Amino acid sequence: TDRFNPLLSKEISYAKVDKETQNYENIVIYDANGDEKNYKLSFKGYDPSKEYVEITHKGKYVESIKYITKLKFNKIMGK
């Protein structure tokens, strides 16, 4: 229902996911400031060799994911 909710806007979040799988369940996500969100997402991926993702979503509805480098993820997390 989040997909059609006009009160929600699209967001970009970031996460570290398990390697060697394409089914990501209950993933902890972070906003662009590196702050943890108060909910988790579940979605499917397409590259089991990567572990850092940028997620475009509207609430819990995941529109798309993009794999990013560890360097970019660490920069977002402030490491």
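The values are calculated or read from the model by the stated rules, or taken from the named source; none is laboratory data. Just so it is clear, the model here is predicted, and its values are computed rather than measured. Note that we place each Cβ from the backbone using ideal geometry, even for glycine, and neighbour counts take in every protein chain shown. The protein model used for the area step is the full one, side chains on, heavy atoms only, and it has no ligands, DNA or RNA in it. Shrake-Rupley method; radii C 1.70, N 1.55, O 1.52, S 1.80 Å.
Provide the gained length on full extension for the span Glu36 to Asn23, in nm with one decimal, where the gain is 0.36 nm per separating residue minus the Cα-Cα distance.
Working: separation 13, 0.36 × 13 = 4.68 nm, distance 2.09 nm.
Using 0.36 nm per residue and subtracting the Cα-Cα distance, I get 2.6 nm.
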Exercise. With each pseudo-label sitting 7 Å past Cα toward Cβ, what's the Lys16-Lys72 distance in nm, one decimal?
Worked result: 1.8
For this session: Kindly provide the chymotrypsin sites (Phe, Trp or Tyr not before Pro) of segment 1-70 that DSSP labels as loop, not H, G, I, E or B, and whose Cβ sees at most 15 other Cβ atoms within 10 Å.
Result: Tyr46
Exercise. Just in segment 1-55: which trypsin sites (Lys or Arg not before Pro) are loop by DSSP and have at most 16 other Cβ atoms within 10 Å?
Worked result: Lys10, Lys19, Lys50
Seminar exercise, completed: Given Cβ charges of +1 for Lys and Arg and -1 for Asp and Glu, the option among Pro48, Tyr67, Asn23 whose Cα lies farthest towards the positive end of the dipole of the chain is Tyr67
For this session: Compute the Cα gyration tensor for segment 39-79, then decide on rounded, prolate or oblate, letting a ≥ b ≥ c be the square roots of its eigenvalues: rounded whenever a/c is under 1.5, prolate when a/b is larger than b/c in the other cases, and oblate in all that remain.
Result: oblate
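Ignoring any ligand, DNA or RNA, what whole percent of the accessible area of the chain comes from carbon and sulfur when the probe is 1.4 angstrom?
Values: 2540 of 5360 Å².
Answer for the chain is 47 percent, counting heavy atoms of protein chains only.
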Exercise. Based on the Kirkwood radius over alpha-carbon pairs, what is the Stokes-Einstein translational diffusion coefficient of segment 1-77 at 20 °C with 1.002 mPa s viscosity, in µm²/s?
Worked result: 170
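As a quick test, which of the pairs Lys19/Lys58; Lys50/Lys79; Lys44/Lys79; Lys50/Lys72; Lys10/Lys70; Lys58/Lys79 have an alpha carbon distance above 21 angstrom in this structure?
Details: Lys19/Lys58 25 Å; Lys50/Lys79 19 Å; Lys44/Lys79 27 Å; Lys50/Lys72 13 Å; Lys10/Lys70 24 Å; Lys58/Lys79 27 Å.
Beyond 21 Å between Cα atoms: Lys19/Lys58; Lys44/Lys79; Lys10/Lys70; Lys58/Lys79.
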Seminar exercise, completed: the chain accessible area per residue, 1.4 Å probe, protein heavy atoms, integer Å², reads 68
